[in-house]
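> One structure, pasted below without further comment.
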């Protein structure tokens with residue numbers, strides 16, 4: 001359906017013609033011998049952008065997160081993360097299956113406090129408890145509606161975690177959005193953490209790929225875990241070239257996605273009767289709820305799809321829409337009109 005307005009995720013973007021040309025022209029080599037020049041260039045560039053010693057490309061964001069868990073924890077450990085975090089909700093139980101850890105969720109709306117972190121850390125002297133060894137922060141936070149975590153709070157949380165012997169991991173799959181929305185340099189957003197993950201297949205529009213950045217020792221350990229999990233690639237330069245093109249041409253334009261999301265959210269909040277806190281619409285994600293009296297999420301998704309608007313149900317009465325490279329301002333206006341009409345009817 002060529003006239004589809006696909007708001008299901010920013011992962012549905014198609015590589016632009018210019019990105020495809022960059023991929024076709026990319027110099028390549030065997031990445032497992034360290035001989036892929038495009039991958040080496042991408043890793044060096046992202047390490048510099050994120051203010052870290054080294055970086056490692058991985059096929060997917062979930063693998064990046066799973067490798068980070070394997071590096072920073074041991075089987076039987078416990079990880080503190082925000083409520084409804086990607087690690088707990090959207091990785092098919094990978095934390096338990098791959099790293100052998102359990103996730104304890106704290107806070108609400110994508111954010112948690114120092115007090116909530118401290119309350120979640122298990123007492124170290126009792127052998128019946130798992131050891132709490134890692135704090136994970138997601139920025140921006142997907143299920144909370146793409147909220148950007150306040151950096152002063154992030155620094156306080158990481159300092160409190162380190163005082164109690166916890167490592168710190170940033171699931172920054174959409175850290176590019178946090179950077180553009182909040183205006184802080186990427187290296188400042190990444191600085192408090194041991195390992196940082198970013199994704200190229202969301203806002204930057206690449207067809208695949210994520211990256212971990214951290215110290216040389218941690219990235220060396222991550223490389224071993226990547227190989228163990230089947231993530232070793234060969235002529236990876238075609239993916240790296242797409243990511244480099246995204247950094248060059250699609251990073252600054254994320255502000256357009258944010259503006260489109262804001263406009264769509266404002267129209268939904270004003271004209272459809274949904275529950276939508278506009279304060280949460282800080283980047284390119286809109287999460288809204290259907291009060292009693294309106295159809296449930298599955299019905300709205302099905303009826304909207306018949307009208308050419310695609311979005312995701314997040315729960316029985318919760319929906320998510322995501323703006324991205326392949327959705328224009330006019331299409332967002334059209335999607336708002338379709339959704340408000342459906343919900344009014």
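> Using only the Cα atoms of the range 274-315, build the gyration tensor, take square roots of its eigenvalues as a ≥ b ≥ c, and label the shape rounded, prolate or oblate: rounded if a/c is under 1.5, else prolate if a/b is larger than b/c, else oblate.
Here the range 274-315 falls in the oblate category.
> Counting only DSSP beta bridges with both residues in the range 1-151, tell me the antiparallel percent, nearest 5.
Looking only at bridges with both residues in the range 1-151, the antiparallel portion is about 20 percent.
> With the Cα gyration tensor of the range 253-344 giving a ≥ b ≥ c as the square roots of its eigenvalues, does the rule (a/c under 1.5 for rounded; else a/b larger than b/c for prolate; else oblate) give rounded, prolate or oblate?
Details: a/c = 1.72, a/b = 1.41, b/c = 1.22.
Prolate.
> Separate question: Which value at 222 nm does the chain reach when only helices count, each DSSP H run of 4 or more adding -39,500 (n - 2.57), with the total divided by all residues and rounded to the nearest 500 deg cm²/dmol?
Computed ellipticity for the chain at 222 nm equals -12000 deg cm²/dmol.
> Considering the chain as a Gaussian network with a 10 Å cut-off on Cα pairs, which listed residue, 126, 211, 278, attains the greatest mean-square fluctuation?
Fluctuation is largest for 126.
> With springs only between Cα atoms under 10 Å, which of 135, 233, 23 fluctuates most in a Gaussian network model of the chain?
233
> I want the antiparallel fraction of DSSP beta bridges within the chain, as a percent rounded to 5.
50
> For the pair residue 115 and residue 296, how long in nm is the line joining their label points, each one 7 Å along Cα→Cβ?
Label-label distance for residue 115 and residue 296, simple model: 3.7 nm.
> Only counting other Cβ atoms within 10 Å, I'd like 179, 249 sorted with the fewest neighbours first. Before the final figure, lay out each step's value.
Details: 179 24, 249 16.
Listed from fewest to most nearby Cβ atoms, that is 249, 179.
> A further question follows. How long is the gain from residue 277 to residue 305 if the chain were fully straight, where each residue apart is worth 0.36 nm and the alpha carbon distance is subtracted?
Working: separation 28, 0.36 × 28 = 10.08 nm, distance 2.43 nm.
Result: 7.7 nm gained on full extension.
> What FRET efficiency would be calculated for the residue pair residue 263, residue 96, taking the C-beta separation as r and a Förster radius of 30 Å, to the nearest 0.05?
0.15
> Calculated FRET efficiency, residue 14 and residue 333, Cβ-Cβ r, R0 25 Å, to nearest 0.05?
With a Förster radius of 25 Å, E is 0.70.
> Before anything else, pin down the relative contact order of the chain: Cα pairs under 8 Å, at least 6 apart, normalised by residue count, whole percent.
Once normalised by length, the contact order is 25 percent.
> With a/c under 1.5 counting as rounded, go ahead and sort the range 178-222 into rounded, prolate or oblate using the C-alpha gyration tensor (a ≥ b ≥ c being the square roots of the eigenvalues; past the cut-off, prolate if a/b is larger than b/c, else oblate).
Numbers: a/c = 3.92, a/b = 1.19, b/c = 3.31.
Because a/c hits 1.5 or more and a/b fails to exceed b/c, the range 178-222 counts as oblate.
> Between the alpha-carbon centers of the range 295-331 and the range 95-155, tell me the distance in whole angstrom.
30
> Indicate, rounded to the nearest 5 percent, the antiparallel portion of the DSSP beta bridges found entirely in the range 253-344. Walk me through the intermediate numbers first.
Numbers: 9 of 9 bridges.
Of the beta bridges lying entirely in the range 253-344, close to 100 percent run antiparallel.
Laboratory data are not the source of any read-out in this text; all were calculated from the coordinates shown. Here the structure is a predicted model, which is why all the values come from computation and not from measurement. No Cβ is skipped: glycine too gets one built from the backbone with ideal geometry, and neighbour counts run over all protein chains shown.
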